[in-house]
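Here the structure is laid out as C-alpha cells; the discussion comes afterwards.
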Amino acid sequence: MAYELSSTSWGEEELDAMQRVLRSGRFTMGEQVRRFEDAFAARFGMKHAVMVNSGSSANLVGVAALFYRSTRPLQRGDEVIVPAISWATTFHPLQQYGLKLRFIDVELDTLNMDASTLERALTPRTRMVVAVSILGNPAPLDRIRAFCDAHDLILFEDNCESMGAMLNGRLCGTFGDINTFSTFYSHHISTMEGGLLVTNDTEIDHLARAIRNHGWARDVPVDSIVNQGQRHDDPFFKAYRFVVPGYNVRPLELCGAVGLEQIKKLDDMLAVRRKNAAHFGALFKDDPRFIIQRENGSSSWFSFTIILNPASGLDRDRVMQTLRKGGIEFRMITGGCFPNHVAVKYFDYDIFGNIDNAKTAHERGFFVGNHPHEIAAELDHLRSVLNGV
Ligand SMILES: Cc1ncc(COP(=O)(O)O)c(C=O)c1O
C-alpha cells in the first residue's frame, strides 16, 4: 500500500476560482489577493495580512521591514536567538541582512525551542527571537513572548508549518510582532506557492507592502510614515514613489483566488488532521523504541515525526529500507539541525551550549505525512511495517 507524504487539498471550487481569474485576464496582484489578505487577517484576528509568493519571501520581507522601521530598526551585527531545527529559509534572511545567529537546542519530544535556555543565551546585543512551531506543534510561545517583553526584544514567529495550531486558546502565528505563514502545496492550505506576513503593526504592514513590490509605495497610504519625504503634490511623481530597497515577490491573482476557497475549508481540514493524529498517537504512544512528537497545546499536525530512540539500538538505514519496501514515504524532520548543513559556513553564528537533541532528531528522526483526509489505513500499515523492524 502506498502511503504518500502529501496530497492535494483542492476540489472543484479551487479549479473554478482559477478559471474565473484566467477568464478575467487580470493575473497580477489585485482584488483577489486583497480579498484573501482580508479574509486571512480576519481568520487570525490580526489587523494586517500581506500576501507574497512564498513563506520564504514572507520571512525575507519581514526581516527587511525590521531594518527600515522608524523606531529602533535592526542593524547589522545584532544578535538573534534561533532554534537549531527549522527550515533553511527561516535562517537565510537573517544571514542576508547581516545578523548574527545564536542557535539553541530544541526539546527532543516537542521538537521546539527549549525556552529554559533563553535567559542564559541572552547577550547585550540580542535584539530578536525567532520562534518556530515545528510541524504543527506550538512552540512555547507564551514563555517566549514573556521573555521578549521582559527584555525589549522583537518576537518573529515563523509559523509556516503550523497554521491553525493553538496555545492557551491563542492561535500560533499571532504571538509575534511579525508572523509568517506558508501556503505551499502540502501545507494546511495551499495556493500552489504562497505565503503571508501577519502583523498588528501598521508601519510593518506598509513597509511589507512596499518591500514585496520593488520598494514601491503604490499600495501604501500617502500619509503613512513610510512615505515621509516623498512628493505627493504632483500626480506624475506621486505614482512612482520608491521608499525602501525592495524585491518583486508579489503573488499572482490565481493564488489569491484559490486562497479564498481554501481558507473556507481550513477548519474542516484541521479537524481531519487532528483525527488522524489521535489514531497515530494511539498506535505509537506505548512503543519506547519510537519517540513521537509530544503535543504542546493544540497541534495542527502537519505530519507525524518518529525518532528512533537511541536506547533502542534500531538501525536507521534498516528502518528506512523497510519503510521504502512497504511503500511508505518519509523525509527529514523539517530541514534537520541547521548547523549540520554546509550553508552555515556563510553565517555569522554561534551555538549556545549544546544542540544534542537537534542532532539526534537530525540523525535518527524522520516524518511521515498527515493529510487533509482520513488516513487510518495508511497509519495501520505504517504500524505493521514498523512492527517488523
Ligand atoms: C518553518 C518554515 N519556514 C519557512 C518555510 C518556507 O515556506 P515556503 O516553502 O512557502 O517558501 C517553510 C517551508 O515549508 C517552513 O517549514
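Can you tell me which residue in the range 132-146 is farthest from residue 188 (Cα to Cα), limited to those that are open to solvent by 10 Å² or more (accessible area, probe 1.4 Å) and out of contact with any Phe, Trp or Tyr (no Cβ under 9 Å at 6 or more places or on another chain)?
So the residue we want is 146.
Among the residues of the range 218-240, which ones are touching a His at 6+ places or on another chain (Cβ under 8 Å), within 22 Å of residue 31 (Cβ to Cβ) and open to solvent by less than 50 Å² (accessible area, probe 1.4 Å)?
220, 224
Are any of the residues in the range 26-39 assigned to a helix (DSSP H, G or I), among the small types (Gly, Ala, Ser) and closer than 13 Å to residue 258 by Cα?
Yes, that holds for at least one residue.
Name, by its number, the condition in (1) under 23 Å from the mean Cα position of the chain (by Cα); (2) touching a residue at least 60 places away in the same chain (Cβ under 8 Å); (3) open to solvent by 50 Å² or more (accessible area, probe 1.4 Å) that does not hold for residue 20.
All conditions pass for residue 20, except number (1).
Cβ-Cβ distance below 8 Å, separation of 6 or more or different chains: which pairs start in the range 315-339 with a residue that is under 20 Å from residue 102 (Cα atoms) and end on one that is open to solvent by less than 80 Å² (accessible area, probe 1.4 Å) and of a type in the set (Asp, Glu)?
Listed pairs, sorted by first residue: 334/161.
Report, by residue number, each residue of the range 56-88 that is open to solvent by 40 Å² or more (accessible area, probe 1.4 Å), under 18 Å from residue 215 (Cα atoms) and within 16 Å of the ligand (Cβ to nearest atom).
Once the filter is applied, which keeps residues that are open to solvent by 40 Å² or more (accessible area, probe 1.4 Å), under 18 Å from residue 215 (Cα atoms) and within 16 Å of the ligand (Cβ to nearest atom), the range 56-88 yields only 56.
Within the group 98, 164, 173, which residue is surrounded by fewer than 21 Cβ atoms within 10 Å (Cβ to Cβ) and outside any strand (DSSP E or B)?
Testing whether each residue is surrounded by fewer than 21 Cβ atoms within 10 Å (Cβ to Cβ) and outside any strand (DSSP E or B) leaves just 98.
Report, by residue number, each residue of the range 243-254 that is in contact (Cβ under 8 Å) with a residue 40 or more places away in the chain and open to solvent by 10 Å² or more (accessible area, probe 1.4 Å).
Those that are in contact (Cβ under 8 Å) with a residue 40 or more places away in the chain and open to solvent by 10 Å² or more (accessible area, probe 1.4 Å): 244, 245, 246, 247, 249, 250, 252, 254.
Which one of these is of a type in the set (Ser, Thr, Tyr) and within 24 Å of residue 384 (Cβ to Cβ): 334, 322, 360?
Among 334, 322, 360, only 322 is of a type in the set (Ser, Thr, Tyr) and within 24 Å of residue 384 (Cβ to Cβ).
Could you grab me the full set of residues in the range 282-298 that are in a helix (DSSP H, G or I) and touching a strand residue (DSSP E or B) at 6+ places or on another chain (Cβ under 7 Å)?
284
For the range 60-89, give me each residue that is outside any loop (DSSP other than H, G, I, E, B) and within 16 Å of residue 100 (Cα to Cα).
60, 63, 64, 66, 67, 79, 80, 81, 82, 83, 88, 89
Can you pull out the residues in the range 116-131 that are among the aliphatic types (A, V, I, L, M) and open to solvent by 10 Å² or more (accessible area, probe 1.4 Å)?
122
From the set of residues in the range 179-191 that are of a type outside the set (Phe, Trp, Tyr) and out of contact with any Ser or Thr (no Cβ under 8 Å at 6 or more places or on another chain), which is surrounded by the most Cβ atoms within 10 Å (Cβ to Cβ)?
180
Taking residue 149 as the residue in question, decide whether it is closer than 23 Å to residue 332 by Cβ, at pLDDT 95 or above, away from the ligand (no atom under 16 Å from the Cβ) and surrounded by fewer than 19 Cβ atoms within 10 Å (Cβ to Cβ).
Here the answer is no, as residue 149 does not meet what is asked.
The values are calculated or read from the model by the stated rules, or taken from the named source; none is laboratory data. Values in this document were obtained by computation on a predicted structure and should not be read as measured data. Every residue, glycine among them, receives a Cβ derived from its backbone with ideal geometry; neighbour counts consider all protein chains shown. Remember, those area values only see protein heavy atoms, side chains included, never the ligands or the DNA or RNA. Shrake-Rupley method; radii C 1.70, N 1.55, O 1.52, S 1.80 Å.
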